[in-house]
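Below you'll find the structure, written out as structure tokens, and then a few comments.
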Amino acid sequence: MKSLVIGTGGREHALARSLARDPDAEVHAAPGNPGIAEVASLHDVDPMDGADVAALATRLGVDLVVVGPEAPLVAGVADAVRAAGIACYGPSWEAARLEGSKAFSKDVMAAAGVPTARSFVCTTPDEAAAALDALGAPYVVKDDGLAAGKGVVVTTDRDEALAHAAACERVVVEEFLDGPEVSLFAVCDGTTARALQPAQDFKRIFDGGRGPNTGGMGAYSPLPWAPPDLAEQVLATVVQPTLDEMVRRESPFLGTLYVGLALTADGPRVIEFNCRFGDPDVQPVLALLTSSLGDLLKAAADGDLSAVPPPTFADGASVTVVMASAGYPESSSTGDVIVGTETLAVETDVDVIHAGTVRSDDGRLVTAGGRVLAVRAVGSDVADARAKAYEGINTISFPGAQWRRDIAAEPLGVVEGASLTQEN
Ligand code: AMP
Ligand code: GLY
């Protein structure tokens, strides 16, 4: 199969690597990054420009386009590719509102009877204050629009909660959900879904779940402590009712429904929906996938998941640890020279997933963003995979590099932000 992956991050690198595993695979990516270049042919494209992406896909004659990040999906890039007659894995702009607008996704959840936090949509300071008082502390205030993982404030400080609400045009104020967080990726064909193995993402910048939220500093899968039927339960109570509701609204959802869950004392509750795979949380999941990713995503893009068997996963576990540049998450540092990634290229159980890297004019690998790269390892269990990932981290360096030392250290996953008493 000839495929084209749109995007530049760690998610796209992990996707491209998995797609490239199929014996008959020919993988292209645009714009890509230096890591993706090792497994795919790179092309220049504006990922936000649907016409540009569709023209590239047509010129290359690909069988499948996979649009990685949320911004192009929300902008309608998948619609443009499909309009050109090419199979595309990723939701329409209309369906991508499940991530693009928190108010929209809460409305769909309510209509579909999906278990989630009680919430209020607020546009004025008075409304926000009333909502905070109705729900009580800890306070959760979410920017309504896309905010690259930084639009959410969880705090016991009412003034801080109010200040965040005032800084956003429209916010969702919601009930605090207490319990371990889980990422579940459902591959959807518009009417049905197949779940991948659950993962857990460490979202705060510092060890022990302290400091500001980030896009994710590390992840692991599977979750030995989670109920074995968690994926099936979430498909039945969350994913299928959501797909049915989207069909009812004449806007079927085709692509990844990323269900961010809190496993509360009352059962799984949805924290958020995203319309694409999570990064880095999808990295360990894909490392363990033994069935063909290309066939799975193509079947979904063709609207018929029943054409392929359910995805299968290797025994054992995978852990991924992110290295971020100086200043992240408030800012990032570019142009810092990265050394040591070549050493890991010979390892079979460990790989380097590039996110914010570029080649400088003289060919050196340098930092180009907040989350720079991740070291991903597969092992016999979480502890083994974790040890290998940290051995890998120790061989890589760049000025100002920061990473957490406690990714997957606690299999019970004391949760980032969801357990303020223990964590903050
Ligand atoms: P989101 O962008 O919705 O994923 O939120 C970012 C992070 O904020 C989540 O990963 C949680 O750690 C935290 N969070 C969001 N909503 C809630 C909630 N209702 N209760 C507790 N924590 C939350
Ligand atoms: N790792 C969280 C996300 O991709 O949104």
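Just a few scattered comments:
- Amide H contacts for residue 267 (H built 1.01 Å from N in the peptide plane; partners 5 or more residues away or on another chain; cut-off under 5 Å): none found.
- Summed residue charge, Cβ within 10 Å of residue 26's Cβ, Lys/Arg positive, Asp/Glu negative: -2
- Here the dipole of segment 297-376 is about 140 debye; that uses its Cα centre as origin and unit charges on the Cβ of Lys and Arg (positive) and Asp and Glu (negative).
- Taking only the Cα atoms of segment 101-193, the ratio Rg/Rh comes out at 1.00, with Rh defined as the Kirkwood radius.
- Share of carbon and sulfur in the accessible heavy-atom surface of the chain [1.4 Å probe, %]: 51 percent
- Considering only 382, 15, 360, the residue lying farthest towards the positive end of the dipole of the chain is 360, judged by Cα position with unit charges set on Cβ.
- Selection from 42, 25, 73, by position along the positive dipole direction of segment 11-81 (Cβ): 25
- Ranked by the mean number of other Cβ atoms within 10 Å per residue, highest first, peptides 216-223, 318-325 order as 318-325, 216-223.
- Helices assigned as whole DSSP H runs in the chain whose Cα atoms extend at least 18 Å along their own long axis and whose mean Kyte-Doolittle hydropathy is -1.0 or higher are found at 382-395.
- Sites residue 384 and residue 360, calculated FRET efficiency, Cβ-Cβ separation with R0 41 Å, nearest 0.05: 0.70
- Each Lys or Arg adds one and each Asp or Glu takes one away; over the other residues whose Cβ falls under 12 Å from the Cβ of residue 308, this sums to -2.
- Cα principal axis extents for segment 2-129, largest first, Å: 55, 27, 27
- Gained length - residue 395 relative to residue 326, 0.36 nm times residue gap less alpha-carbon distance: 23.0 nm
- Over the chain: helical MRE at 222 nm, DSSP H runs n ≥ 4 each giving -39500 (n - 2.57), nearest 500: -7500 deg cm²/dmol
- The mean accessible area for residues of segment 121-240, using a 1.4 Å probe and ignoring ligands and nucleic acids, is 39 Å² per residue.
- Packing-based order for 275-286, 248-259, 193-204, using average beta carbon neighbours within 10 Å, highest first: 275-286, 193-204, 248-259
- Cut-off 12 Å between beta-carbons: net charge of the residues surrounding residue 317, Lys and Arg +1, Asp and Glu -1: -1
- Computed accessible area, residue 315, all protein chains, 1.4 angstrom probe, square angstrom: 140 Å²
- Estimated translational D of the chain in µm²/s (Stokes, Kirkwood radius over Cα pairs; 20 °C; 1.002 mPa s): 100 µm²/s
- Residue order by solvent-accessible surface for 210, 17 is 210, 17, largest first, with ligands and nucleic acids left out and a 1.4 Å probe.
- What you get for the chain, charging only the Cβ of Lys and Arg (+1) and of Asp and Glu (-1), is a dipole of about 200 debye around the Cα centre.
- Approximate spin-label separation residue 156-residue 405, in nm, with each point projected 7 Å along Cα-to-Cβ: 2.6 nm
- Kirkwood Rh (inverse of mean 1/r, distinct Cα pairs), segment 190-246, angstrom: 13.4 Å
The values are calculated or read from the model by the stated rules, or taken from the named source; none is laboratory data. Since the structure is predicted, the reported quantities are computational estimates derived from the model, not experimental observations. Every residue, glycine as well, gets a Cβ built from its backbone with ideal geometry; the counts of neighbours run over all protein chains shown. Each accessible area value is taken on the protein alone, full model and side chains, heavy atoms only, with ligands, DNA and RNA left out. Shrake-Rupley method; radii C 1.70, N 1.55, O 1.52, S 1.80 Å.
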